[in-house]
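Shown next, in structure tokens, is the structure this report addresses.
The values are calculated or read from the model by the stated rules, or taken from the named source; none is laboratory data. The structure displayed is predicted, hence computed values, not measured ones. Cβ coordinates were reconstructed from backbone atoms using ideal geometry, including for glycine residues, and neighbour counts include every protein chain displayed.
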Amino acid sequence: MVFGSFLSFSRRDIRQIEKKTVCTLHIFPIQRHTSAVSSKRSFTMSRQQSALITCFILFFLSACSSVPKTPDISWETQQQKLKALTEFEARGVVGFISLNQRISAKFIWEQNGENVKLRLYKDLAGTLMTLKSANDVTEVTDKDGNIYQGTDAESLMKELTGIDLPVSNLPGWLKGLPGKMEDYELDDKARVGSITSSDSSANWSLSYLMYTMENTVALPARINMNNGKQRVKIQIKDWVL
């Protein structure tokens, strides 16, 4: 009887356990479903927040990029520095290109006020030509030592060498300083980017491709010149102020 009662009790307990297990199984899927919905809502909110943050960053970057860059110095300040630069020396390479000839040489340009000296030379061939201009008198010495004089530097040089070069304009143009009656444009750093000569006899156009800093002054490093018949490419490697 005791053994039989134990069996009877055990079966009843087992049935109760089965009922509880069935109930638990019915509840558990609902809990899993609720958790999945919550996770899905959290994921959706996370995507919305991420999209808002991305839009804000893009708006901020576009606003920053639209702010115009201000030059380090004004054109008035740059102009004053260039006008004050009356004694200097420029060394580099120059190329003259026309329909009749192509000449490349090294050059030294020395300027002292209104007095200038231009020397064209090659390492192996030596001096090709030396031009001196002072007190409205120009003197050209060729490679053989012959000396020629005149009052018009451009005409004298073209007659002797075939090179068309606006010598009288170079004291300002080499520094990146336009003349009073010349049109010019500035770059984003308040330096001359181009010059167009209004002189019908010269009709030169200049492009300033590169600058270098020398003693807080921005000076040209590469200049291209063109008058329709003659092209001149100047690369200044050294400035001596």
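Just wondering, is there one or more residues in region 151-159 that are outside any strand (DSSP E or B), surrounded by 10 or more Cβ atoms within 10 Å (Cβ to Cβ) and within 35 Å of the chain's Cα centre (by Cα)? For region 151-159, residues outside any strand (DSSP E or B), surrounded by 10 or more Cβ atoms within 10 Å (Cβ to Cβ) and within 35 Å of the chain's Cα centre (by Cα): present. The set of residues in region 179-196 being at pLDDT below 95, under 27 Å from residue 240 (Cβ atoms) and not charged (D, E, K, R) consists of 179 alone.
Yes/no matrix, rows are residues, columns are (1) surrounded by fewer than 16 Cβ atoms within 10 Å (Cβ to Cβ); (2) assigned by TED's automatic domain parsing to the domain that holds residue 79; (3) out of contact with any Ser or Thr (no Cβ under 6 Å at 6 or more places or on another chain); (4) within 22 Å of residue 81 (Cα to Cα):
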residue: 193; (1), (2), (3), (4): no, yes, yes, yes
residue: 199; (1), (2), (3), (4): yes, yes, yes, no
residue: 204; (1), (2), (3), (4): no, yes, no, no
residue: 209; (1), (2), (3), (4): yes, yes, yes, yes
residue: 230; (1), (2), (3), (4): no, yes, no, no
residue: 233; (1), (2), (3), (4): no, yes, yes, no
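Against the list (1) outside any strand (DSSP E or B); (2) in contact with an Asp or Glu (Cβ under 9 Å, 6 or more places away or on another chain); (3) under 19 Å from residue 83 (Cβ atoms), the condition residue 176 fails is (2). Looking only at region 179-191, filter to residues that are part of a loop (DSSP other than H, G, I, E, B) and aliphatic (A, V, I, L, M); which one of those is surrounded by the fewest Cβ atoms within 10 Å (Cβ to Cβ)? Taking the candidates together, the pick is 181.
When restricted to residues that are exposed (fewer than 12 other Cβ atoms within 10 Å of the Cβ) and in a strand (DSSP E or B), region 98-121 contains 1. With the condition kept exactly as written, say whether any residue in region 165-178 is surrounded by fewer than 16 Cβ atoms within 10 Å (Cβ to Cβ) and either in the same structural domain as residue 101 (by TED's automatic domain parsing) or out of contact with any Lys or Arg (no Cβ under 7 Å at 6 or more places or on another chain) (or both). No, that holds for no residue.
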